[in-house]
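Just below is one structure, and these are the notes that go with it.
Please treat every number below as a calculation from the coordinates, not as lab data. A quick note: this is a predicted structure, and the numbers were derived from the prediction, not measured. Reconstructed Cβ throughout: ideal geometry from the backbone, glycine too, with neighbour counts over all protein chains shown.
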Amino acid sequence: MMKKAFLFMLWYLVWCLLAWPPSMQHMIIGIFVASFVSLMTNDMFSGKPLDTRLNPARYMWFLYYVAVFAWECFKANIDVAYRVLHPDLPIKPGTIRVKTSLKSDAGLTFLANSVTLTPGTTSVDIDRDKGLIYIHMLYISDSYDKDSMKLKVVDKFEKILRRIFE
Amino acid sequence: MNEKIGMVVIVLGLAFDFFGCVGLIRFPDVYNRLQASAKCVTLGTCGILLGLFLFKGFSGAGIKALLCMVFILLTAPVSAHALARAAYRSGVKPWGGTVVDHYGEDLENIK
């Protein structure tokens, strides 16, 4: 019930933003639309109940994560633009295994998505049983340690995401 | 003032979109091309939308631009990942200059 109410509030907020500026007509229709959509999407958001997450520290870490992510994303673009425009096309691509200790659905999703938008890496697949992420790298450098299967960027995000989702 | 900053951000966004397209042509195989398109196009399009928001402020169009940014940031990496995985599983071989291919080695085990 708690989850349904939360989803309803969320979708209602999204609806109101989409139908900005607010008017009586839109607000009333929004109630119907938001309740329909929250009923439909209820099953998609299974997992931990929300009340264990209502912890301010998690939200602060999430803000920190957004800041780190934005900076990494910007660096990624400069990096790719450099490789694209360089006449010799300096790439050394390959797919690598990286170990991760995250377990929750949300944590893994966020990790995979942040990896995709950070310098030279795209996540290809996840093997949950062994805790491995397969990552395609544009330029394999020293930041990847083959023996321990660690990648610096992944470690950095993992530390933050563990505090938010686990 | 806001309009000037908005103009600069839009031009930057267009530049990154352009780099993404150049990468799409220059890179050798599917996976490298995905890298270029997933990254540059995400930031480029977000830049254009942010510029639009700076032009319009908190009006109808400005807020929709912000919402679109959130949706693009959430969906672009997912689609890139799905394309890369599907390409691998349907047998598209990586480029000849690929250095290591751990995923190709493990592919049999994780099906």
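Overview of values
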| item | result |
| --- | --- |
| Segment A:55-166 shape via C-alpha gyration tensor axes, a/c threshold 1.5 | oblate |
| Chain B: Lys pairs at Cα distance under 27 angstrom, eight or more positions apart or on different chains | 8 |
| Nitroxide proxy distance, nm - points 7 Å out along Cα→Cβ at A:K150 and A:A67 | 2.5 |
| Spin-label model distance (nm) - B:F58 vs B:D29, 7 Å beyond Cα toward Cβ | 5.1 |
| Positive-end residue of A:V14, A:Y59, A:S123, charge dipole of chain A with Cβ unit charges | A:Y59 |
| Expected-Rg normalisation [2.2 N^0.38 Å, Cα atoms] applied to segment A:2-46 | 1.14 |
| Lysine-lysine proximity count for segment A:63-165, Cα under 17 Å, sequence distance 8 or more or distinct chains | 16 |
| Three-way shape label, the protein assembly as shown, alpha-carbon gyration tensor, a/c 1.5 | oblate |
| Largest-first principal axis extents of the Cα set of chain B (Å) | 56, 27, 17 |
| Degrees between helix A:152-165 axis and first principal axis of chain A (Cα, 0 to 90, nearest 10) | 20 |
| Extended-chain gain in nm, criterion 0.36 nm per residue less alpha-carbon gap, A:L13 and A:S35 | 6.7 nm |
| Share antiparallel - DSSP beta bridges, segment A:63-165, percent rounded to 5 | 95 |
